[in-house]
Structure formats: structure tokens, C-alpha cells
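The values are calculated or read from the model by the stated rules, or taken from the named source; none is laboratory data. Just so it is clear, the structure is predicted and the values come from calculations on it, not from any experiment. Ideal geometry is used to build each Cβ from the backbone, glycine not excepted, and the neighbour counts take in all protein chains shown. The area values use the complete protein model at the heavy-atom level, side chains included, leaving out ligands, DNA and RNA. Shrake-Rupley method; radii C 1.70, N 1.55, O 1.52, S 1.80 Å.
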Amino acid sequence: MKSSPASRSRDIERQAGYLRPEHCVPPPPRTYSADDMWFIRDGCGIVCGVITWLLVFYAEFVVVFVMLLPVKNVLYSLINGALFNGLAFLALASHFKAMCTDPGAVPKGNATKEFIESLQLKPGQVVYKCPKCCSIKPDRAHHCSVCKRCIKKMDHHCPWVNNCVGESNQKYFVLFTMYIALISLHALIMVAINFIFCLEEDWGKCSSFSPPTTVILLILLCFESLLFLIFTAVMFGTQIHSICNDETGIEQLKKEEKRWAKRSKWMNMKVVFGHPFSVAWLSPFAPPDHGKANLYQYVV
């Protein structure tokens, strides 16, 4: 069978001389605890993250002060206000968790002679070394040039969450895309209802702002909601498809040979969201409890 370019590059890593542990210095001692917040100091990612929050706050402002508060139907305002604000809160919480959760970074600089000897490798057993961060790289890990680390099951680096999407934070990224798509759809529906209401009534009475200001605010919200609805819905569908097929975006792009055991699509979902299925799947505050969902089942 003809090998792919990705498999040929990994064959080079199989050569014993490739590790060269003498070129790696021991990693510096940790001065922080495992509970410390993970945060990538990338200018582009920080700007994108701030823009994301500002856009959600803008949508909150228009929905609450332009569309809901002027409406005389209190029940309509309460139901839609609670629904929109609840979804927006979950979206921002998911964004924060995706941004500030270690995506599955491999310890940096651990490809030393002492560490390799401590692994007690069996004769013929293969290990990989990342020449960029000088670490022993597990299967399905890839190096991120922005995070400057190898990330386990790295799917891609997303500037909108200023982090990689990997083994440990993929659930939060999927929830972020889902909740943003839902609030975008909800905002579009409310904008349509508000336009109909204002056309039937006097524009001066349907909003506390002037008619031109009201129209501009609603058009901007409509454009923002439509754009993010399309983007996040496509991203959500892509992520679910990748999870069900147990293949990351990088593995699909590089056409890497599947050397891991096949699981059912339902089990692949449990690996990311937790085992067993529960309402906690929808909560950004509940870390996935993998339980019986084995993270690593590789073909030997």
C-alpha cells in the first residue's frame, strides 16, 4: 500500500537517531499549580476574543433596550429576554472556558535522556519527538506555532477563542458555536417581529430611540446575527461530524492514516462530552467525565 506524505514524515521520526535527547535541556521547574489559568498571549487572538464579547454585548443592548423594553406585552418581553440573556450567558461562559482551558498541551522540553529512560520502553517501541518544543509527542498530537506547544488531538487553532481546540477543551468550543448560533437565530426572529410591529405602529412609539437610529441599530444587528449564524452553524456541524468520525481537522487535512481503534459515533461523542449522556453535556461549567469512554484506543 502506498504511504501518504504524512506517514512518510512520521517514518523519519521512527529512526532512533532522530530523538537526539542530548539536544534537549531539562524543562524548567514548574512555579505554578495545575489549577492556574491557561491563557495564550497572542495579540491577534486577544483582539478577536475582545471583539467577540463586544459583539455579544451589542446584541444584548439592541435586544433589551431597542426591541424588548418598549414593547407593551410584558409576557413577550420577559420570555424572550430570559431566553436570549440565558443563551448569551452560556455562550460567553463557553467562550471563556474554551479560551482559558488547557487544550491538552504536552509538557514542554521533556525529551531528555532521563525522561526517555524513565519511560522504560520495550524493544522496538516507537516514540516521537517534536523538534520545535523538544517534547515527547503522543500519538495524534500536533505542534501549534501560536501556542508553541504540542496539543493532544489538536483540531485547529481558533483566533476567536485565542486558543487551540484540542482534547481537553473541544466540548467548550462546540458549545460556544452552538449557543452563538442559537442567539443569532433568536435575534433574527426578534428583529423580523420588531420590524413588522414598527411598520404596523408608529415608528416613534415602537422604540425609545429616534426612527433613523432604531432602523440603523436593527439593520446592524440583523447583519451581525446573519453572519454569525452562518459561520457558527457551519463550524458546529463540522465539529460534530469530526467528533463522530473521530478525526480531527488536521488529520483530515493531512490525510493521516487511522492507526487508532474505531468506535461507534455515540461513543466518540461521549469521549468529548462525557460518559454517560446527561444534561451536563450542555453545560460549560461541567467538565466532561470520560468514565468508561476510553480516550486512547490505538491499533498496535
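Highest mean first, the peptides 218-225, 88-95 sorted by other C-beta atoms within 10 Å per residue fall in the order 88-95, 218-225. The mean accessible area for residues of the stretch 109-171, using a 1.4 Å probe and ignoring ligands and nucleic acids, is 43 Å² per residue.
Protection proxy ranking of 173-181, 260-268, by the mean of other Cβ atoms within 10 Å over each peptide's residues and highest first, is 173-181, 260-268.
In this structure the stretch 199-241 gives 63 Å² per residue of accessible area when probed at 1.4 Å with all protein chains present. Per atom type, the stretch 121-252 shows carbon and sulfur on 70% of its accessible surface, probed at 1.4 Å.
Rounded to the nearest 20 debye, the dipole size of the stretch 97-212 about its Cα centre is 920 debye, using +1 on the Cβ of Lys and Arg and -1 on the Cβ of Asp and Glu. Using Cβ point charges alone (K and R +1, D and E -1), the dipole size of the stretch 30-174 about the Cα centre works out to roughly 420 debye. Counting 0.36 nm for each residue step from E257 to F61 and taking away their Cα separation leaves a gain of 65.7 nm.
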